[in-house]
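Here's the structure we're looking at; comments come further down.
The values are calculated or read from the model by the stated rules, or taken from the named source; none is laboratory data. Worth saying up front: this structure is predicted, and the values here are computed from it rather than measured. Note: ideal-geometry Cβ built from the backbone for every residue, glycine included; neighbour counts use all protein chains shown.
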Amino acid sequence: MSHRLEVPMGRLALVAGLVSIITLGFIGSVQADTVTIEMLGGPGQGDFRFSPVEVTVKMGDTVEWINMSPSPIMHTATYGMGAGDPMSGFFFDSGLMATGETYSITLTRMGTYHYYCIPHEFLDMRGILTVGHFQNEAVQNEF
Ligand SMILES: [Cu+2]
């Protein structure tokens, strides 16, 4: 009697094990990612720009900017449409970044975030960051 019970219990344990593996796999697939945006421009690099200029991420992802321009060119990633925007810097502002420096944010609010570079606004160095529940999701808020 007790011997016959051991077999189904063993199968139950196997099934429970498989379920936990599948669950962990699912959690892994919705994990937060890090997206990197390069700040470019200057001698040998052409126009001052963010690359890619337009980025879509999931809520909870980390967005990282890195200044790839040659020294001593400084950039910023500053929320807003420009220095004349009363909301300038409201959601994020890296401050001046030297060559090789990085700045990271994690946005937990859905929407489309326009941003610019303070030193190169006059050269139209701008970017757009869209945050959705999921990658490529249509976004409701326009900031
Ligand atoms: Cu710049």
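When Ala77 is tested against the conditions (1) surrounded by fewer than 19 Cβ atoms within 10 Å (Cβ to Cβ); (2) touching a residue at least 24 places away in the same chain (Cβ under 8 Å), the lone failure is (1). Write out, first by first residue and then by second, each pair whose Cβ atoms fall under 6 Å of each other, whose residues are 6+ apart or on separate chains, and whose first residue, in segment 42-68, is on the phi > 0 side of the Ramachandran plot while the second is more than 16 Å from the ligand (Cβ to nearest atom) and outside any strand (DSSP E or B). From segment 42-68, the pairs are Gly60/Ala32. The residues listed here are Thr56, Thr99, Thr108; of these, the one that is assigned by TED's automatic domain parsing to the domain that holds Ile128 and assigned to a strand (DSSP E or B) is Thr56.
Would you mind stating whether Ala77 is at pLDDT 95 or above and farther than 27 Å from Ala32 by Cβ? Against the criterion (at pLDDT 95 or above and farther than 27 Å from Ala32 by Cβ), Ala77 does not qualify. The set of residues in segment 113-132 that are in a strand (DSSP E or B) and farther than 10 Å from Gly82 by Cα comprises Tyr113, Gly127, Ile128, Leu129, Thr130, Val131, Gly132. When Val53 is tested against (1) over 19 Å from Glu121 (Cβ atoms); (2) within 16 Å of the ligand (Cβ to nearest atom), exactly one condition is not met: (1). Looking only at residues of segment 70-89 that are touching a strand residue (DSSP E or B) at 6+ places or on another chain (Cβ under 7 Å) and more than 20 Å from Ile105 (Cβ to Cβ), we find that the one that is farthest from the ligand (Cβ to nearest atom) is Pro70.
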